[in-house]
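Computed from the coordinates by the stated procedures, all read-outs in this text should not be read as laboratory data. Computed from a predicted model, the values in this text were never measured in an experiment. Virtual Cβ from ideal backbone geometry, glycine too; neighbours counted across all protein chains shown.
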Amino acid sequence: MTAGKAIGRGKSTGTGTGNAARLAKALAVVLDTPEIPLRLRAWDGSEAGPEGAPVLEFRSRRALRRILWSPGQLGLSRAYVAGDIDSPGNIFAAFSALSSAGKFAEPGPFRPLTAAEIWTLLRTAVRLGALGPNPAPPPEEARVVRKGRLHSRRRDAAAISHHYDVGNDFYALVLGPSMVYSCAVWPEAGYGSERTDGSRPLAAGLDAAQEAKLDLVCRKLGLRPGMRVLDVGCGWGSFALHAAGKYGATVVGVTLSTEQAILARKRAANAGLTERVDIRVQDYRDVLDGPFDAISSIGMSEHVGREQTPGYASALFSLLKPGGRLLNHAVSWNAGPTRPDPDSFIPRYVFPDGEMISLGETVSALEAAGFEILDVEALRQHYALTLRAWVSRLEDNWDQAAQLTSQGRARVWRLYMASSALGFEHGLTGVNQVLVQRPGGEQPPLRRTAWL
């Protein structure tokens with residue numbers, strides 16, 4: 001674990017006194033751990049917890065009230081997004097320590113508090129004057145989106161809009177010129193020292209690493225001039241532009257985000273690729289003008305859902321020519337039989353209705369649809385590096401990012417990217433490129449040397 005330096009006031013003892021000491025005991029109850037691995041700072045300036053541990057600052061009593069009403073990850077997340085708690089200094093150190101404590105160290109949904117734990121928390125809230133009505137969730141929480149039939153076209157469009165229509169200018173600050181919102185592919189060596197401290201050289205290498213990923217996908221798909229390619233979940237058009245500009249392909253890109261489509265079309269026009277790049281606001285289930293020579297799906301199938309994955313695989317199979325290849329690049333759930341909590345931070349604030357499934361489930365669905373598996377490449381460590389680079393860029397442009405959206409939205413993205421980086425580093429989540437081919441037509445290469 002990485003531990004940042006605490007930002008203290010005076011000579012505090014290891015245990016602490018005052019409001020901070022009571023807070024430390026309450027948080028230990030919520031997490032079901034003997035001692036929290038953090039230095040807590042309360043709104044009155046008191047501190048408690050291990051000396052030298054990362055600092056978590058409670059700026060108001062309302063933070064404890066949020067945790068009391070929603071014990072666990074959701075309450076803490078709401079308090080952080082609202083600015084009721086903060087992590088001065090190294091956010092990775094603070095949340096790495098928190099994620100290693102008690103219930104947070106266990107995969108799967110947060111275990112509910114027992115009656116005795118709730119009573120202890122209530123007594124602490126009374127002593128600190130924190131009792132009161134449930135504070136309204138921050139406005140950044142996706143409440144209206146989660147209505148209607150799960151994964152209907154209308155609800156999927158609303159979920160995508162919640163996440164991607166934050167603003168193209170905001171994403172440009174975080175993603176940089178590449179405008180690629182998925183895992184980059186980093187060089188074999190030269191980035192190890194930057195992984196744990198968020199230093200700027202990592203962010204500086206991001207654009208080259210993203211271009212390397214786009215080129216790798218093109219090579220895996222075996223793209224050649226004149227091939228017709230479908231890009232499912234095309235984002236801001238980065239893969240479409242690369243495939244058309246570097247490989248001479250004709251690309252149809254589909255997205256459910258209007259803002260993404262507007263910028264993707266503008267980028268295609270600026271690159272002189274309008275005749276070879278067609279960007280549509282369209283559900284992949286409504287694409288009827290196949291077949292295609294190849295299909296890319298980069299960071300999109302996480303939005304499909306477990307129950308819909310077999311239909312997704314079948315739909316893409318039907319859109320491919322015999323011998324055509326599909327590259328499915330997706331985050332996977334690596335924590336065994338447990339499933340992500342649909343009411344935890346990321347489903348509530350970042351990806352409404354998103355569902356991570358295991359690599360095995362993905363491969364099984366693709367095989368059941370009729371595909372032949374050609375290759376599987378794990379990129380888990382690459383995504384951790386990518387996320388740390390994004391956090392670095394967000395921090396460098398914090399004031400502008402908050403101005404373009406809101407302080408709360410910027411805090412959502414900081415928390416989401418930092419916690420996700422830790423999830424990839426600890427192996428809770430993975431990301432994989434699965435290359436498959438529809439049988440018939442051209443035979444696949446004998447070895448990976450065709451794209452390595």
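I'd like the FRET efficiency for ALA115 and GLU361, computed as 1/(1 + (r/R0)^6) with the beta carbon distance as r and R0 of 30 Å, rounded to 0.05.
Efficiency, rounded to the nearest 0.05: 0.20.
Anything over 21 Å Cα to Cα? Flag those among LYS220/LYS246; LYS246/LYS266; LYS266/LYS321, in the order listed.
Working: LYS220/LYS246 14 Å; LYS246/LYS266 18 Å; LYS266/LYS321 30 Å.
In this structure, LYS266/LYS321 exceed 21 Å between Cα atoms.
In debye, nearest 20: dipole of region 162-450 around its Cα centre with unit charges on the Cβ of K, R (+) and D, E (-)?
Dipole magnitude for region 162-450 comes out near 500 debye.
Using 7 Å Cα-to-Cβ label points, what is the ASP289/THR258 separation (nm, one decimal)?
2.2
Would you mind putting 409-420, 206-217, 230-241 in packing order, based on average other-beta-carbon counts within 10 Å, highest first?
230-241, 409-420, 206-217
Amide H neighbours of GLY83 under 5 Å, counting only residues 5+ apart in sequence or on other chains, H built in-plane at 1.01 Å?
none
How large is ³J(HN,Hα) for each residue in region 285-291, as worked out from phi by the Karplus curve 6.51 cos²θ - 1.76 cosθ + 1.60 (θ = phi - 60°), to whole Hz, x for Gly and Pro?
6, 9, 6, 10, 9, x, x
Tell me the label-point distance for the pair ASP341, SER314, using the 7 Å Cα-to-Cβ offset, in nm and rounded to one decimal.
With each label point 7 Å from Cα toward Cβ, the separation is 3.5 nm.
Spin-label point model (7 Å from Cα, Cβ direction): what's the LEU131 to ASN270 distance in nm?
Label at LEU131, label at ASN270, 5.8 nm between them.
Near ASN432, within a Cβ-to-Cβ distance under 11 Å, what is the net charge of the other residues, with Lys and Arg +1 and Asp and Glu -1?
In short, -1.
Could you derive backbone 3J(HN,Hα) for region 206-221 from the dihedral phi with the Karplus parameters 6.51, -1.76 and 1.60 (θ = phi - 60°), listing whole Hz in sequence and x where the residue is Gly or Pro?
Along region 206-221, the couplings run 5, 4, 5, 5, 5, 5, 4, 5, 4, 5, 4, 4, 4, 5, 5, 7 Hz.
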